[in-house]
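The next block holds one structure in the form of structure tokens; read it before the comments.
The values are calculated or read from the model by the stated rules, or taken from the named source; none is laboratory data. Just so we're clear, the structure is a prediction, and the values are computed from it rather than from any experiment. FYI the Cβ positions are ideal-geometry reconstructions off the backbone, even for glycines, and counts take in every protein chain you see. To get the accessible areas, we keep the full protein, side chains included, count just its heavy atoms, and leave off ligands, DNA and RNA. Shrake-Rupley method; radii C 1.70, N 1.55, O 1.52, S 1.80 Å.
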Amino acid sequence: MKIAVAGTGYVGLSVALLLAQHNEVHALDIVPEKVSMLGKAISPIVDKEISDFLQANVSGDRPLNFQPTLDPAQAYTGAEYAIIATPTNYDPKKNYFDTSSVEAAIEAVRRYAPEAWIVIKSTIPVGYTQQLQERLRDSRILFSPEFLREGHALFDNLHPSRIVVGAPQDDEQAVAAAHTFAELLVQGADPQEMRRVNPDGTTGIPELVVGLTEAEAIKLFANTYLALRVAYFNELDTYAESRCLDTQSIINGVCLDPRIRSDYNNPSFGYGGYCLPKDTKQLLANYDKVPQNLIGAIVEANRTRKDFIADEIIDRVADIKNPVIGIYRLTMKSGSDNFRQSAIQGVMKRIKAKGLTVIVYEPTLNTPDFFGSKVIRDLTQFKRESDIVVANRWNDDLGDISGKVFTRDLFRCD
Ligand SMILES: NC(=O)c1ccc[n+]([C@@H]2O[C@H](COP(=O)([O-])OP(=O)(O)OC[C@H]3O[C@@H](n4cnc5c(N)ncnc54)[C@H](O)[C@@H]3O)[C@@H](O)[C@H]2O)c1
């Protein structure tokens, strides 16, 4: 089957490679450098499985039918499915996601493939696909939420927690197309997943074909729960720090309850990354006139946490004349290759607003400064020049100056 994918970022590229094991996949992007790298079997993002897949294709160990392209006619003509995986950044002016890239991609698909089933994988506001179907008078648009983690994009698609596809439940053709799409994803997953036993006793990968708007809600509520959990353990840490208590003992004692679980409980400077900040804000905007307390509190808790962390840092250098605060990495997680919306940037902004000097160690950054703060790529010089080193996540590189490191990474994990 010919399948087109619009966007070769974390979502688009991992889904494209997964499907290219059994289908003819054309992956379109508007950035020539990305397409050119993919043409040379180089991954534009840091992701071990993606790099391994591209190399195994070259060596013939795992043949893929994968064509990166800049040409919409090549990508879309004759495609039975067109998957949209373009960005949906949060627009702070409109208080809503900017869905213009999704609509641009859909318009391009329809120019060349009027009958293709379009599956939106980008995260979108709740209710968006139904409104779009009505506005475009186009009933062949589905939505399938993506749950991957950056850095494990293809791995998470090979081992999916669940596959969800949204289709209008009263449209038989659309429901059938949604099931077919779910089967395509299952077919590309690691075959061992067919034998796995789920917590509810079922085997295999759970497949849910639900209403369009329910599928959109699943994505935003899932990410908002994850944000809630991060915010909860961060607020626990804020309390413990303020009362001079040992956070780690409290978290260990709380999380031994099997209903709470001992994972995803490591304090940080705040939830961040590309998805959680924007998805929580979008869900809050979707509530509109629906009563709520919690969703707004989650968004607010993240701001309060960053205020608290910034104040703690400022407190620690209060006795130093003209202190220099060193920011160790701008990334969110230790293995991350980008720093979209990382919490440490929010902390940095707050510290700078108080007039303090901030320097940055970020080896992936090739500019002399970052928003007016000097960027140092030499770690030894960075350590020497910093009075305090602020790290959202610990790295053994900091072992020799542990006394001047400020981190809340208590469990040394993401
Ligand atoms: N990154 C994640 O962890 C993650 C997880 C789940 C869902 N999502 C959602 O998936 C969507 C994509 O996220 P991402 O992280 O893959 O983004 P990304 O920025 O890594 O990749 C998006 C790609 O789309 C390309 N693009 C933009 N407009 C295009 C167009 N009109 N046609 C073709 N390509 C176009 C861009 O050049 C870019 O390469 C977002 O809505 C995001 O919220 C992301």
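Summary of values
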item: Highest-fluctuation residue, Gly372, Gly166, Gly211 considered, GNM on the chain with Cα pairs under 10 Å; result: Gly372
item: Kirkwood-Stokes translational diffusion coefficient of the stretch 236-288, alpha-carbon pairs, 37 °C, 0.692 mPa s, µm²/s; result: 247
item: Compactness relative to 2.2 N^0.38 Å, alpha carbon Rg of the stretch 183-340; result: 1.31
item: Under 13 Å from the Cα of Lys321 - aspartates and glutamates, other chains or at least 8 residues apart; result: Asp387
item: Potential extension, Ala318-Arg412 segment - 0.36 nm per residue separation minus Cα distance; result: 31.1 nm
item: FRET E, pair Asn89, Tyr232, Förster distance 22 Å, beta-carbon r, rounded to 0.05; result: 0.25
item: Average Cα contact separation per residue, the stretch 2-210, under 8 Å, 6 or more apart, as relative contact order %; result: 20
item: Selected from Gly346, Gly204, Gly60 as most flexible by GNM, with the chain as the system and alpha-carbon contacts under 10 Å; result: Gly60
item: Axial C-alpha extent at least 24 Å, average Kyte-Doolittle at least 0.5 - helices from the chain (DSSP); result: 172-188
item: Separation of the Thr304 and Asp246 label points, Cα + 7 Å toward Cβ, nm; result: 2.7
item: Dipole in debye (nearest 20) - the stretch 2-210, about Cα centre, beta carbon charges: Lys, Arg +1; Asp, Glu -1; result: 260
item: For the stretch 244-395: accessible area per residue (Å², 1.4 Å); result: 50
item: Amide N of the stretch 301-321 lying under 14 Å from the label point, which is placed 7 angstrom from the Cα of Thr357 along Cα→Cβ; result: 320-321
item: Net length gained if the chain between Thr203 and Ser161 were fully extended (0.36 nm per residue, minus Cα distance); result: 13.9 nm
item: Unsatisfied cross-links (Cα-Cα over 29 Å) in the set Lys121/Lys289; Lys93/Lys404; Lys34/Lys354; Lys354/Lys404; result: Lys93/Lys404; Lys34/Lys354
item: Surface accessible to a 1.4 Å probe, Val358 within the full protein complex, Å²; result: 10
item: Volume per residue that the Cα convex hull of the stretch 2-210 spans, once the total is divided by residue count, Å³; result: 128
item: Principal axis dimensions, largest first and in whole angstrom, of the chain by Cα; result: 69, 49, 45
item: The chain - percent of accessible surface contributed by carbon and sulfur, probe 1.4 Å; result: 52
